Amino acid sequence: MPTAIKFENISKQYRLGLVSTRTLSHDLKRWYTMNILGKEDPYLKIGEVNDRAHKGTSEYVWALKDINFEVKQGDVLGIIGKNGAGKSTLLKILSKVTTPTTGIIKARGRIASLLEVGTGFHPEMTGCENIYMNGAIMGMTKAEITRKLDEIVDFSGVERYLDTPVKRYSSGMTVRLGFAIAAHLDPEILVVDEVLAVGDAEFQKKAIGKMQDVSKGEGRTVLFVSHNMGAVRNLCTKSIVLVDGKIAFEGKTEPGISFYLNNKLESYNLISKEALVAKSRIKGYALDVKFLDVGFEQNNESFYTNDEITLICKFIGNRKTENIRINGTIFNNEEQPIGGWFGNDLFDINENEEKTIRLCLKNHKLAIGGYLVSLSVGKGNFAEGMVDFDVLHQVTKFNIIGFDSKDLVGYTVWNNRWGNVLFDVDYHSI
Amino acid sequence: MEYTTVIKPKNRLFEVDFKEIWQYRDLFSMFVKKDIITQYKQTILGPAWFFIQPALTTIMYMVVFGGIAKISTDGLPQPMFYLAGIVCWQYFADCLNKTSATFTTNQHIFGKVYFPRMIVPLATVTSNLVRMGIQFLLFIVVYIFYVLSGVVIAPNIYILLLPLLVLMLAGLSLGFGVIISSLTTKYRDLTILFTFIVQLWMYATPVIYPLSTMPTDKQWIMGINPVTSIIETFKFGMMGVGTFSWGMLAYSFAFMVLLLGIGIVVFNKVQRSFMDTV
């Protein structure tokens, strides 16, 4: 298959902070250095890797740095990465909304990008008028839209409301209409941001189906950016993983997803426990009782499915409080919550007193994989009203690595698609 | 198959893709249509506002400038004189105000999808043309009324310059507008300054007074303002009053061409990366 798009040394630099101040002085300095002294742009040399967790010293930052890759015609490429890894910047450059600082992208055929559905919809205009408006913005001609109008209307399922102004539409209807137009663009290369996150399940299925048709049936190239690993898995044949503006992985989808998930979990090892507690703290709680430290008993984060998982939580009381409870939620590595617990009235604390609580998770039946834990400390219950003092979102992680027994030899690999619970099953011949 | 789309950091200064603008001509007509039909949606009087606005402005000018300040109208009935000025100036000012906000008002669209940005100011200037046309009809009605009631009005051959005058107004406002809109993406101070300037500009243009109130040897100072000769020529052609000179008109035309050229180049440079600064 020939190459559909080729990225060569694509980099993008952004300036942080208050853009509106001192731009004139920077502009003048840049102009002076480049045009009078004939040197390179002084601000292109500086700039740091885009790691938003650490405070940098430079006000210039590379959102993307030296991106090189090719996409073959007919491929569906998933672009995955954490927030701030550069996915959206890459899409913006591809959609010509902004320009790269350096490098060049070459593509065969028309690129249509869906960074948002229903761009340019005017609330006062009717559905039909907006189909023409949005289609034209996306680069279709009037004749093309007229030819596909019936199909678009049919796909969107809002035929009854075609002569109603869009401002009377529900948000779901607006999205349907927007996607229906985009789905009928027929570009050689389709670039899709996480627009599928909206709309109901039926529509999402329809949308994913349509995108698959586009790539399989018609040999078009699709670039898909998403946090939803399920959608990436369903849709994409290849993937790249972006970490801090650089390509960290390039290859097939399944290893790409694993790489991304592992990479996300590894980042927990890189910073100290105190920093983790501070970073995961949800702001706005009273902090009458405050988490100081959260960790596992043996300083070990790997467990077997039949192990007890013991968490050690250290608290400090900022005010004398009684009948404190600890609640928790466990997420799988795709950040979907899979279970939780409600604590009883566990302990009391005095002002400025430090207390350590040992929390034991028994019979959890969690299957092989990585997990994240969220914790909250508070008092009361649902019947009498409750209050949280401190909430830590995904403060720590652990891995389940297998089953500590000779009987379960087959249980060495586990796929997220199989769920997160390993059931206990008895077999009897009857 | 060769690479048909190339995305690269910077265009050369004069690399303006006119072919691309032509390819998006359907979008252009959609924008024009949108501007017109959405302007008075959900208003009771609807398009009647096209008439009401200039009519009320004219009445106000008659009271303030004609009645209280007693400024000369070159011997013409006041409604005619003011309306002629208002029709022209209003078009110019509307275009200027709207095109100068191109980037800031459309950033939600520009941030999501690419099309030649020039389409938007072009559509603005065109849709305002429709509005001006309607207001011009009002002017014609008033004109006919005065002709029938026996006022001596002397239109002349220069009436044929009318399309050129409209084109010049469009070109000037487009040129100024896109330059200002390009600069406001970075320096927002200009937005505030500019609304102020447009207000003052009207008084530096013979809208509410004729150029002939100035001493002949000082009229060239007013002529520096490129809009002056356009409005004077309009009044001269339509009603036979005012000051007309080919030299001043040629100056305005050259001014427009130069300005539009600079505007397109600046706008073209800014449009590619304005999302980073806006």
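The values are calculated or read from the model by the stated rules, or taken from the named source; none is laboratory data. Not measured: the values here are computed from a predicted model. Note that we place each Cβ from the backbone using ideal geometry, even for glycine, and neighbour counts take in every protein chain shown. All accessible areas refer to the heavy atoms of the entire protein, side chains included, with ligands and DNA or RNA removed. Shrake-Rupley method; radii C 1.70, N 1.55, O 1.52, S 1.80 Å.
Below are the figures for this structure:
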| quantity | calculated |
| --- | --- |
| Neighbouring partner chain Cβ atoms per residue of A:99-112, average, 10 Å criterion | 5 |
| Between the range B:206-278 and the range B:110-155, the alpha-carbon center distance in angstrom | 17 |
| Of all accessible heavy-atom area on the protein assembly as shown, the percent that carbon and sulfur account for (1.4 Å) | 58 |
| Signed unit charges on C-beta, dipole axis of the range B:46-276, positive-most listed residue B:M248, B:L174, B:Y158 | B:L174 |
| Only Lys, Arg (+1) and Asp, Glu (-1) charged, at Cβ; chain A dipole about Cα centre in debye | 1360 |
| The range B:3-57, dipole about Cα centre (Lys/Arg Cβ +1, Asp/Glu Cβ -1), debye to the nearest 20 | 120 |
| ³J(HN,Hα) computed for each position of the range A:290-300 - Karplus, 6.51 cos²θ - 1.76 cosθ + 1.60, integer Hz, glycine/proline x | 10, 5, 9, 7, 9, x, 8, 4, 8, 6, 10 |
| Candidates A:N381, A:N228, A:N416: whichever shows maximal mean-square fluctuation once chain A is modelled as a Gaussian network with Cα springs under 10 Å | A:N381 |
| Value of relative contact order over chain B, rounded to a whole percent, pairs C-alpha under 8 Å and six or more apart | 27 |
| Of A:A286, B:G66, A:G340, farthest towards positive along the dipole that unit charges on Lys, Arg, Asp, Glu beta carbons give the protein assembly as shown | B:G66 |
| Distant alpha-carbon pairs in the range A:279-418 (separation over 19 angstrom), percent | 53 |
| Mean separation of Cα contacts under 8 Å, 6 or more apart, over the residue count of chain A: relative contact order % | 14 |
| Relative contact order [Cα under 8 Å, 6+ residues apart], the range A:279-418, whole percent | 31 |
| Hydrodynamic radius (Kirkwood) for chain A, which is based on Cα pairs only, to one decimal in Å | 25.4 |
| Angle between chain A longest axis and helix A:142-156 axis [Cα atoms, degrees, rounded to 10] | 30 |
| Angle in degrees between helix B:162-184 and the longest Cα principal axis of chain B, rounded to the nearest 10 | 50 |
| Under the Karplus curve 6.51 cos²θ - 1.76 cosθ + 1.60, θ = phi - 60°, whole-Hz ³J(HN,Hα) for the range B:34-45, x wherever Gly or Pro sits | 4, 4, 6, 6, 8, 4, 10, 5, 6, 10, 6, 7 |
| The range B:46-276 - charge dipole about Cα centre, Lys and Arg +1 at Cβ, Asp and Glu -1, debye rounded to 20 | 540 |
| Where chymotrypsin sites (Phe, Trp or Tyr not before Pro) fall in DSSP loop in the range A:296-405, at most 10 other Cβ within 10 Å | A:F382 |
| Within the protein assembly as shown, helix-based [θ] at 222 nm, where runs of 4 or more DSSP H residues each add -39,500 (n - 2.57), nearest 500 | -13000 deg cm²/dmol |
| Listed residues A:T141, A:T102, A:T89, most fluctuating in chain A (Gaussian network, C-alpha, under 10 Å) | A:T141 |
| Peptide B:108-120 - average C-beta neighbours from other chains (10 Å radius) | 5 |
| Inverse mean reciprocal Cα-Cα distance (Kirkwood Rh) of the range B:46-276, Å | 18.6 |
| Dimensionless Rg/Rh of the range B:48-87 - Kirkwood Rh, Rg from C-alpha atoms | 0.99 |
| Shielding by partners, peptide B:183-192 (average Cβ within 10 angstrom, other chains) | 1 |
| Crossing angle, helix A:127-137 versus chain A [Cα axis fit, 0-90 degrees, rounded to tens] | 80 |
| Label-to-label distance, nm, for residues given as B:N156 and B:R188 (7 Å Cα→Cβ offset) | 5.1 |
